[in-house]
Each structure stands twice: as structure tokens, then as C-alpha cells.
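Right, one structure below, let's go through it.
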Amino acid sequence: MTTAVGTTPVSTPQPPAPAPRKGGRKAWATRAPLLPALVFLIVVTQLPFVATLVISLFDWNSLNPDKRSFNGLGNYASVFTDAALRDSVVTTVLLTAGVVIATVILGLALALLLDRTFFGRGMVRTLLITPFLLVPVSAALLWKHALYNPEYGLFNGALSWIGDLFGDTSPSQPDWIADMPLLAVIAALVWQWTPFMMLILLAGLQSRPAEVIEAARLDGASAWQTFRYLTLPHLRRYLELGVLLGAVYIVQNFDAVFTLTAGGLGTANLPYTIYQTFYQAHEYGLASAAGVVVVIGTIIIATFALRVVSSLFSEEANRA
């Protein structure tokens, strides 16, 4: 007699049930508060840039509106071949390099000073930041009339006072803007932007690990050795960030050139040349093409700045 052996069915594992998807209404509810800011950003920045890009493709002089015609990339070719625009590019490079280098050096010196503890440090820090808080036009007017003026400016007044001390009754009274126009613009911008560099580098100094600095002092390292082998390598990212952000701002500077020299005496940079091309020569297409070139150059510099910022944050996160 044979007995049938029953088989027990084996249950196969079932895949996990998919997680319920978030409702579309909830997702839109979380994003809705950001929509007004997004719309405002697009209207204020992107639409004008698109309009500028379209205008740059036309040969458009507002004095002859009936002769407007499509020019393709001809305006961009003129930007790189026009003598005045080429000179303004060279002036922009010299102006930006001079201001950035001087502000980094002075900002580092002031940051090292403020990193020390002394009586009245808070007041000194506030006074040093003040130039950066001024309206750019006000700062330029201050330098033009209160400092540079050949008749009643403080610089020539100081020269007269020094001449009286040494018995020189008729010291030289230079016209600072006429004799050294580009240096006059650079000096005014350096005075205004040095606090910006100082704040960035001071933040870098105050983020140094105190135990490493203390260990170096206990090992007998001098102040110069500590600065060269510990402080300066630590500040490398902050120096890069200051240089890149400073370059972005100085490349776009218009106020100092317009107020001090009105673009004369070889001080017309790209923003001022664009202003002349647009408002004085009425060449809308050429001015728009030059503006697009400046924006593209600024975006390239800003991209490097953002990479430096992201690397700073990643280093701080790894250190924490």
C-alpha cells in the first residue's frame, strides 16, 4: 500500500510595496512661496539680458531708427576690433589688477593687525570698515573734491604744511587727477575696497586652529615662520576668494571713472565705454554686444569664485 506524501507549498517572497508618492498639491504647496522670488528674478535679470542679446544682433542707431538691420555677429567683431574698445579692455585689466593687488596686500596687513588683541580694537575695526559702507559716488566725490582738488584739497594742503616745516614757501601743488589719472582712480577704489578684502582675510585668520599655532610657538617658531608655513597656506583659499570677488566687482565699476575723470585721460574702462557708446553715440547694437561680452567675462570669473566658496565649505565640513 502506497501512501501519498503531501507537499507543502513554498511561499515566494513578495517585492515590497512601493512607497506612496507625495501628492502633487503638497509638493506645489512647499514650492509656492519661492515662486514670487523666482518670477521676480527672471523679470529683473533674465528678460533684460535676453533683450540685450537680441539687440546686440542688430545694427541699430537710435538717431536713424529707420535704418535698423540685422547684423548677426558683426557687432561682436567690432567689439574686438574697435580701437577705443580695445583700449578700454586694456584699461579695465590695468585698473582691476592694480586695485585687486593693492587691496589684497593692504587688507592682509589690516587683518593681521585686527587679529591681535588691543584696547579699542572694536572701534578701530568699525572705522576701517566705514569706507566700504559709503555709496560709491559719494566716495568718489570725497576723493575728487576733499583730497585731489589742487586748490583746497587735503593732499596739497599737506604738501604746503610739509613745505612750511622745511622752509619751502612755494611747494609744488600738483593736479592729481590731471597728472596721474589712472592712479587717482585706483587709489580711490583701493581706499573703498580694502575693507572688503580685510573682512574676508580676517575671517580666514580667525578660523585657524588655535592649538596648531600654540604648538608652533612652543616649538620655538618665529612670527615670520608661523605666518609663512601655517598662516599663509591656511589663507590660500580666502586669498583666492578675495581676488576673484574683487575682480568681479572692479571689472563692473563705473562710478569712480565717471565721477573722477569722466572717462578722459585714458581712464575709460569697459563699463564707461559702453555707457558712451549707448548714451552718447546712440549705437544700441554695439553697446549691447559689448555689454554681453562683459557679462560673459564676469560669469566666467564668478564661476571660479563659486568653486572656491564650495571648496571652503567642504573643507570646513571635513574639519568639523
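The values are calculated or read from the model by the stated rules, or taken from the named source; none is laboratory data. Given the structure is predicted, the values throughout are model-derived calculations rather than measurements. Virtual Cβ from ideal backbone geometry, glycine too; neighbours counted across all protein chains shown. SASA here: full protein model, heavy atoms, side chains in, ligands and nucleic acids out. Shrake-Rupley method; radii C 1.70, N 1.55, O 1.52, S 1.80 Å.
Highlighted here are the helices (runs of 4 or more DSSP H) found entirely within the stretch 141-255 that include at least 3 residues which are in contact (Cβ under 8 Å) with a residue 24 or more places away in the chain and closer than 29 Å to Ile296 by Cβ: 181-206, 236-251. Test Ala77 against the stated conditions and say whether it is surrounded by 12 or more Cβ atoms within 10 Å (Cβ to Cβ), farther than 10 Å from Tyr284 by Cα and hydrophobic (A, V, I, L, M, F, W, C). Considered against the rule, which asks whether it is surrounded by 12 or more Cβ atoms within 10 Å (Cβ to Cβ), farther than 10 Å from Tyr284 by Cα and hydrophobic (A, V, I, L, M, F, W, C), Ala77 comes out as yes.
For (1) touching a helix residue (DSSP H, G or I) at 6+ places or on another chain (Cβ under 6 Å); (2) aliphatic (A, V, I, L, M); (3) closer than 14 Å to Gly242 by Cβ, each residue gets a yes or a no:
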| site | (1), (2), (3) |
| --- | --- |
| Asp175 | no, no, no |
| Trp191 | yes, no, no |
| Thr194 | yes, no, yes |
| Leu201 | yes, yes, yes |
| Val212 | no, yes, no |
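Scanning the stretch 74-92 turns up at least one residue that is under 15 Å from Ala290 (Cα atoms), without any contact (Cβ under 8 Å) to a residue 12 or more places away in the chain and within 20 Å of the chain's Cα centre (by Cα).
Residues in the stretch 183-216 that are of a type outside the set (S, T, N, Q), open to solvent by 50 Å² or more (accessible area, probe 1.4 Å) and closer than 18 Å to Leu110 by Cβ: Trp191, Leu199, Ala203, Arg208. Looking across the stretch 256-271 at every residue that is assigned to a helix (DSSP H, G or I) and at pLDDT below 90, the one that is surrounded by the fewest Cβ atoms within 10 Å (Cβ to Cβ) is identified as Pro271. Residues of the stretch 28-57 that are out of contact with any Ser or Thr (no Cβ under 8 Å at 6 or more places or on another chain) and either farther than 25 Å from Val294 by Cα or of a type in the set (Gly, Ala, Ser) (or both): Trp28, Ala29, Thr30, Arg31, Ala32, Pro33, Leu34, Leu35, Pro36, Ala37, Ala51. Considering only residues in the stretch 95-121 that are within 26 Å of the chain's Cα centre (by Cα) and exposed (fewer than 15 other Cβ atoms within 10 Å of the Cβ), the one that is nearest to Thr52 (Cα to Cα) turns out to be Ala97. Residue count for the stretch 268-309 satisfying the condition of being of a type in the set (Val, Ile, Thr) and closer than 24 Å to Pro181 by Cα: 4.
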